[in-house]
Amino acid sequence: MMSAPEIIVTLGPCDDMRAEIFVRPAGDVPAGSRIVGSVTGPRRGRDTTLPVTSRLVPLAGAAAAGPASRAILTEPAYWTPDLPNLYRVEARLEPHDGDPWAIDAWIGLRRLGVRGRSFWLDGRRWVPRAFVGQHAVAAAKEAEVGLAITMPADPLLAEADDMGVGVVPLLPAASLTPTRIASWARHPSAMLAVITGGDAMADVADRLAAVRGARGTLLIGMAVDGMCQPPAVPAGVDFLVVQLPAEGLPHAGWMVPAVQPLVAWRQAAEKVSSRASCDALQRDLALWRLTAGAGLAGGTPPWDWAGYLVG
């Protein structure tokens, strides 16, 4: 029996009483394959609840886009950092002939998206605050922040899933592949992925188009230089990360922002260890907006930063 490929889990129509989820493999699999098994949960840390098992039913006519199966969960428990509910997918990818491939993965049902210039998580505005660099997941949970990490590994994301810590994967555009994005997207803790490195805009747009079907509710943004005028934004970018030097403030051009949410990222001279550093960045940018905006026609623009990264 071989190891199964990464799975892509998509949250379909959902509300507080019912949720549909769709499971399919990432990448190519033998023609005529199908996915059978079950989804069981929820589980949250050491909390004990009566688990419910829902059957994964293969979808008819899914062969053109690869095998896919659907499960329907009643009274679903969604994942947030405050309530890190998880479900277990136990299934088999069965080829038309040959040995089946085992699938055993923990997933979270996450309702995450963009409204205007803000992030929304489970029906409420969500403002991410995160330390950049290598930090322990438990330390981030205690500080009530997330983690922004270059190419986070599966064990770290699994720990963050379980503890309820939001993770911001940082990656170069060259690593923006369907398999990579699918491996992160099934972890509910991987919430915002950020392309770093100043890659060509056209290359970013092409790669974003290629991963569209694998990202689920994982939002993908791009890091840009906050000391320069705002750039043209490639199609498919959900948000921008505005990079600033230590103690630096944005170029005046950012006073009139793009339609996407803007996340501020301030470099730090040393490793940060307290949420106070995120709060200080928020305070400095609020003062910048009030001071710089006072000289604009119409006064201070009515918008706010969507999130804060420090480190």
Projected label distance in nm at ALA280 and VAL127, using a 7 Å step from Cα toward the beta-carbon:
1.8 nm
Residues with amide H under 5 Å from that of ALA148, placed H, sequence gap 5 or more
PHE131, VAL132, GLY133, VAL168
Net charge near SER274, counting Lys/Arg +1 and Asp/Glu -1 over other residues with Cβ under 13 Å of its Cβ?
-1
Along the principal axes of its C-alpha atoms, what lengths does region 121-275 span, in descending order and rounded to whole Å?
39, 38, 31
Give the residue list of trypsin sites (Lys or Arg not before Pro) in region 182-285 that are DSSP loop and have at most 12 other beta-carbon atoms within 10 angstrom.
LYS271
In degrees between 0 and 90, to the nearest 10, how far off the longest principal axis of the chain does helix 201-210 point, with axes built from Cα atoms?
20 degrees
By how many degrees, between 0 and 90 and to the nearest 10, does the Cα long axis of helix 154-163 differ from the longest principal axis of the chain?
80 degrees
Local net charge near TRP126, Cβ-Cβ under 12 Å (Lys/Arg +1, Asp/Glu -1)
+4
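Just want to confirm a number: the relative contact order over the chain, from Cα pairs under 8 angstrom separated by 6+ residues, in percent. Can you show the working numbers first?
Working: 715 pairs, mean separation 46.6, N = 311.
Here the relative contact order equals 15 percent.
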Around ALA182: net Lys/Arg minus Asp/Glu count, Cβ-Cβ under 11 Å
+3
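Placing unit charges on C-beta atoms (Lys and Arg positive, Asp and Glu negative, everything else neutral), compute the dipole magnitude of region 138-273 about its Cα centre in debye, rounded to 20.
Value, rounded to 20: 280 debye.
Treating the beta-carbon of each Lys and Arg as +1 and of each Asp and Glu as -1, no other charges, what is the dipole magnitude of region 7-107 about its Cα centre, to the nearest 20 debye?
Values: 10 positive and 12 negative charges, 22 e Å.
With only Lys, Arg, Asp and Glu charged at Cβ, the dipole is about 100 debye.
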Assigned charges on the beta-carbon of Lys, Arg, Asp, Glu; the chain dipole about Cα centre (debye):
520 debye
Mind sorting ILE107, ILE7 by how few other Cβ atoms lie within 10 Å of their own Cβ, fewest first?
ILE7, ILE107
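Each reported figure results from applying straightforward, stated rules to the coordinates on display, with no laboratory input. Predicted, not measured: the structure shown is a model, and the values here were computed from it. Neighbour counts are summed over all protein chains in view; Cβ atoms, including those assigned to glycine, are modelled from backbone coordinates with ideal geometry.
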